[in-house]
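A.B. asks: Here it is, the structure in full.
The values are calculated or read from the model by the stated rules, or taken from the named source; none is laboratory data. Everything numeric here is computed off the predicted structure, so don't read it as measured data. Please note: Cβ atoms are built from the backbone with ideal geometry, for glycine as well, and neighbour counts cover all protein chains shown.
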Amino acid sequence: MGDHGRLPPPVRPCRSDGMTALFPSKGRCLGMFVSQTSGADAVDLAIISELSRNARVSLAELGRRVSLSRPAVAERVRRLEDSGVIKGYGVHLDLDRLGLGLRAHVSLRPRLRAARNAQSLRDRLLAMGHILSCVHVTGENCYELTLAVRDAQHLEQVIEHLSGMGDTTTGVVLSEPVQPRDVDIAAWLLQEDRDRGTRQDRP
(Lines give C-alpha, C1' and ligand atoms only; values in the text may rest on other atoms or scores of the structure.)
Protein backbone atom coordinates (compact mmCIF):
# COMPACT_ATOMS: atom_id res chain seq x y z
CA MET A 1 0.00 0.00 0.00
CA GLY A 2 1.36 3.44 -0.93
CA ASP A 3 1.79 6.47 1.31
CA HIS A 4 -1.81 7.52 0.66
CA GLY A 5 -3.08 4.22 1.99
CA ARG A 6 -1.15 4.23 5.28
CA LEU A 7 -3.30 5.27 8.17
CA PRO A 8 -2.14 7.40 11.10
CA PRO A 9 -1.90 5.88 14.58
CA PRO A 10 -4.74 6.57 17.04
CA VAL A 11 -5.03 10.32 17.30
CA ARG A 12 -6.41 13.01 19.53
CA PRO A 13 -7.27 16.46 18.12
CA CYS A 14 -5.98 19.79 19.36
CA ARG A 15 -6.77 23.28 18.09
CA SER A 16 -4.27 25.37 16.15
CA ASP A 17 -5.23 28.60 14.36
CA GLY A 18 -8.69 27.47 13.28
CA MET A 19 -7.42 24.10 12.11
CA THR A 20 -7.31 20.72 13.81
CA ALA A 21 -3.78 19.44 14.29
CA LEU A 22 -3.61 15.69 14.78
CA PHE A 23 -1.17 14.17 17.23
CA PRO A 24 -0.45 10.53 18.10
CA SER A 25 -1.36 9.48 21.62
CA LYS A 26 2.26 10.10 22.74
CA GLY A 27 2.01 13.72 21.69
CA ARG A 28 4.41 13.80 18.70
CA CYS A 29 3.03 16.00 15.90
CA LEU A 30 2.08 14.27 12.66
CA GLY A 31 2.23 17.52 10.73
CA MET A 32 -1.35 16.94 9.53
CA PHE A 33 -3.98 19.67 9.52
CA VAL A 34 -7.62 19.38 8.51
CA SER A 35 -9.81 22.36 7.73
CA GLN A 36 -12.82 22.69 10.01
CA THR A 37 -14.97 23.91 7.13
CA SER A 38 -15.18 20.37 5.73
CA GLY A 39 -16.42 18.92 9.01
CA ALA A 40 -14.22 15.85 8.47
CA ASP A 41 -10.97 15.14 10.27
CA ALA A 42 -8.15 12.81 9.23
CA VAL A 43 -9.81 9.75 10.78
CA ASP A 44 -13.03 10.53 8.88
CA LEU A 45 -11.02 10.80 5.66
CA ALA A 46 -9.37 7.45 6.39
CA ILE A 47 -12.83 5.93 6.87
CA ILE A 48 -14.03 7.48 3.60
CA SER A 49 -10.96 6.15 1.80
CA GLU A 50 -11.64 2.61 3.04
CA LEU A 51 -15.34 2.79 2.15
CA SER A 52 -14.47 4.13 -1.30
CA ARG A 53 -12.45 0.99 -1.93
CA ASN A 54 -15.05 -1.37 -0.47
CA ALA A 55 -18.37 -0.03 0.78
CA ARG A 56 -19.37 -3.52 1.98
CA VAL A 57 -16.55 -3.82 4.50
CA SER A 58 -17.88 -4.76 7.94
CA LEU A 59 -17.82 -2.15 10.70
CA ALA A 60 -15.56 -4.40 12.76
CA GLU A 61 -13.01 -4.65 9.94
CA LEU A 62 -13.34 -0.94 9.14
CA GLY A 63 -12.65 -0.11 12.77
CA ARG A 64 -9.57 -2.35 12.76
CA ARG A 65 -8.19 -0.58 9.68
CA VAL A 66 -8.56 2.89 11.19
CA SER A 67 -7.67 1.89 14.77
CA LEU A 68 -11.13 2.48 16.25
CA SER A 69 -13.58 0.26 18.09
CA ARG A 70 -16.64 -0.96 16.21
CA PRO A 71 -19.03 1.41 18.10
CA ALA A 72 -16.70 4.37 17.53
CA VAL A 73 -16.36 3.77 13.80
CA ALA A 74 -20.11 3.13 13.49
CA GLU A 75 -20.79 6.52 15.11
CA ARG A 76 -18.39 8.27 12.74
CA VAL A 77 -19.97 6.62 9.70
CA ARG A 78 -23.41 7.64 10.96
CA ARG A 79 -22.26 11.26 11.37
CA LEU A 80 -20.76 11.29 7.88
CA GLU A 81 -24.06 10.00 6.49
CA ASP A 82 -26.21 12.40 8.52
CA SER A 83 -24.08 15.40 7.51
CA GLY A 84 -24.32 14.47 3.83
CA VAL A 85 -20.60 13.87 3.33
CA ILE A 86 -21.52 10.28 2.45
CA LYS A 87 -24.58 10.61 0.24
CA GLY A 88 -25.11 6.92 -0.44
CA TYR A 89 -23.61 3.64 -1.56
CA GLY A 90 -23.69 2.00 -4.97
CA VAL A 91 -22.34 -0.72 -7.23
CA HIS A 92 -19.81 -0.67 -10.07
CA LEU A 93 -21.27 -2.15 -13.24
CA ASP A 94 -19.40 -3.80 -16.10
CA LEU A 95 -21.20 -2.11 -18.99
CA ASP A 96 -19.53 -4.38 -21.55
CA ARG A 97 -21.14 -7.43 -19.92
CA LEU A 98 -24.48 -5.63 -20.05
CA GLY A 99 -24.13 -5.22 -23.81
CA LEU A 100 -23.20 -1.52 -23.69
CA GLY A 101 -19.66 -1.82 -24.98
CA LEU A 102 -19.38 1.56 -26.70
CA ARG A 103 -19.02 4.82 -24.78
CA ALA A 104 -19.05 8.31 -26.25
CA HIS A 105 -18.88 11.91 -25.10
CA VAL A 106 -21.31 14.30 -26.76
CA SER A 107 -21.19 18.09 -26.55
CA LEU A 108 -24.70 19.50 -26.89
CA ARG A 109 -25.52 23.10 -27.68
CA PRO A 110 -29.28 23.38 -27.17
CA ARG A 111 -31.36 25.57 -29.40
CA LEU A 112 -32.51 28.79 -27.78
CA ARG A 113 -35.96 27.50 -26.84
CA ALA A 114 -34.56 24.36 -25.20
CA ALA A 115 -31.85 26.31 -23.39
CA ARG A 116 -34.48 28.51 -21.73
CA ASN A 117 -36.11 25.49 -20.09
CA ALA A 118 -33.33 23.52 -18.40
CA GLN A 119 -35.77 21.31 -16.47
CA SER A 120 -37.55 20.26 -19.65
CA LEU A 121 -34.21 19.46 -21.29
CA ARG A 122 -33.16 17.44 -18.25
CA ASP A 123 -36.41 15.45 -18.33
CA ARG A 124 -35.97 14.70 -22.03
CA LEU A 125 -32.40 13.51 -21.49
CA LEU A 126 -33.40 11.25 -18.60
CA ALA A 127 -36.26 9.79 -20.65
CA MET A 128 -33.84 8.82 -23.43
CA GLY A 129 -31.79 6.39 -21.37
CA HIS A 130 -28.19 5.47 -22.23
CA ILE A 131 -26.93 8.75 -20.71
CA LEU A 132 -24.50 8.03 -17.88
CA SER A 133 -23.88 11.66 -16.95
CA CYS A 134 -24.67 15.20 -18.02
CA VAL A 135 -22.88 18.34 -16.86
CA HIS A 136 -23.72 21.97 -17.60
CA VAL A 137 -20.53 23.81 -18.55
CA THR A 138 -19.34 27.19 -19.77
CA GLY A 139 -18.62 27.84 -23.43
CA GLU A 140 -20.58 27.39 -26.62
CA ASN A 141 -21.48 23.76 -25.91
CA CYS A 142 -23.58 24.09 -22.77
CA TYR A 143 -23.94 20.40 -21.94
CA GLU A 144 -21.42 17.55 -21.93
CA LEU A 145 -22.97 14.07 -22.01
CA THR A 146 -21.46 10.63 -21.50
CA LEU A 147 -23.31 7.85 -23.32
CA ALA A 148 -23.23 4.06 -23.11
CA VAL A 149 -24.58 2.31 -26.21
CA ARG A 150 -24.41 -1.09 -27.90
CA ASP A 151 -22.54 -0.23 -31.09
CA ALA A 152 -21.95 2.44 -33.75
CA GLN A 153 -25.43 2.02 -35.21
CA HIS A 154 -27.00 2.49 -31.80
CA LEU A 155 -24.81 5.57 -31.21
CA GLU A 156 -26.02 7.06 -34.47
CA GLN A 157 -29.65 6.61 -33.37
CA VAL A 158 -29.02 8.31 -30.03
CA ILE A 159 -27.18 11.21 -31.68
CA GLU A 160 -30.06 11.68 -34.11
CA HIS A 161 -32.39 11.95 -31.13
CA LEU A 162 -30.09 14.47 -29.45
CA SER A 163 -29.87 16.47 -32.67
CA GLY A 164 -33.54 17.26 -32.21
CA MET A 165 -32.56 19.25 -29.11
CA GLY A 166 -29.57 21.11 -30.52
CA ASP A 167 -26.20 20.90 -32.25
CA THR A 168 -23.94 18.01 -31.24
CA THR A 169 -20.25 17.13 -31.41
CA THR A 170 -19.35 13.52 -30.65
CA GLY A 171 -16.16 11.77 -29.57
CA VAL A 172 -15.96 7.99 -29.16
CA VAL A 173 -14.14 6.73 -26.05
CA LEU A 174 -11.16 4.54 -26.97
CA SER A 175 -10.09 3.67 -23.41
CA GLU A 176 -10.52 4.83 -19.81
CA PRO A 177 -7.07 5.03 -18.15
CA VAL A 178 -8.64 6.56 -15.01
CA GLN A 179 -12.15 5.61 -13.93
CA PRO A 180 -14.20 7.19 -11.12
CA ARG A 181 -13.74 4.15 -8.88
CA ASP A 182 -9.95 4.50 -9.23
CA VAL A 183 -9.96 7.97 -7.67
CA ASP A 184 -9.43 8.16 -3.90
CA ILE A 185 -10.51 11.72 -3.05
CA ALA A 186 -9.98 11.15 0.67
CA ALA A 187 -6.34 10.22 0.00
CA TRP A 188 -5.89 13.48 -1.93
CA LEU A 189 -7.24 15.48 1.00
CA LEU A 190 -5.07 13.61 3.50
CA GLN A 191 -1.97 14.27 1.40
CA GLU A 192 -2.87 17.96 1.05
CA ASP A 193 -3.23 18.16 4.83
CA ARG A 194 0.17 16.51 5.30
CA ASP A 195 1.76 18.93 2.84
CA ARG A 196 0.08 21.91 4.50
CA GLY A 197 1.25 20.75 7.91
CA THR A 198 4.81 20.28 6.64
CA ARG A 199 4.87 23.83 5.26
CA GLN A 200 3.55 25.25 8.54
CA ASP A 201 6.16 23.31 10.53
CA ARG A 202 9.03 24.89 8.59
CA PRO A 203 10.91 27.65 10.47
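A.B. asks: Out of V106, V85, V149, V135, which single residue is among the β-branched types (V, I, T), assigned by TED's automatic domain parsing to the domain that holds A46 and either closer than 30 Å to V172 by Cβ or touching a residue at least 24 places away in the same chain (Cβ under 8 Å) (or both)?
C.D. replies: Result of the check over V106, V85, V149, V135: V85.
A.B. asks: So if I check each of M128, M165, which one is modelled with pLDDT under 95, more than 24 Å from the chain's Cα centre (by Cα) and surrounded by 15 or more Cβ atoms within 10 Å (Cβ to Cβ)?
C.D. replies: Answer to the selection: M165.
A.B. asks: Which condition breaks for D123 when tested against (1) surrounded by 12 or more Cβ atoms within 10 Å (Cβ to Cβ); (2) among the acidic types (D, E); (3) modelled with pLDDT of 85 or more?
C.D. replies: Going through (1) surrounded by 12 or more Cβ atoms within 10 Å (Cβ to Cβ); (2) among the acidic types (D, E); (3) modelled with pLDDT of 85 or more one by one, D123 breaks only (1).
A.B. asks: Only one of L102, L95 is modelled with pLDDT of 95 or more and within 19 Å of Q179 (Cβ to Cβ). Can you tell me which?
C.D. replies: On the way: L95 fails: modelled with pLDDT of 95 or more.
Selected residue: L102, the only one of L102, L95 that is modelled with pLDDT of 95 or more and within 19 Å of Q179 (Cβ to Cβ).
A.B. asks: Quick one: what pairs do we get from segment 48-66, first residue free of Cβ contacts under 8 Å to residues at least 24 places away in the same chain, second in a loop (DSSP other than H, G, I, E, B) and exposed (fewer than 14 other Cβ atoms within 10 Å of the Cβ), C-beta under 7 Å, 6+ apart or different chains?
C.D. replies: These pairs meet every condition: G63/S69.
A.B. asks: Would you please name the residue that is surrounded by the most Cβ atoms within 10 Å (Cβ to Cβ), looking only at residues in segment 56-82 that are of a type outside the set (A, V, I, L, M) and closer than 27 Å to Q179 by Cβ?
C.D. replies: The residue in question is R65.
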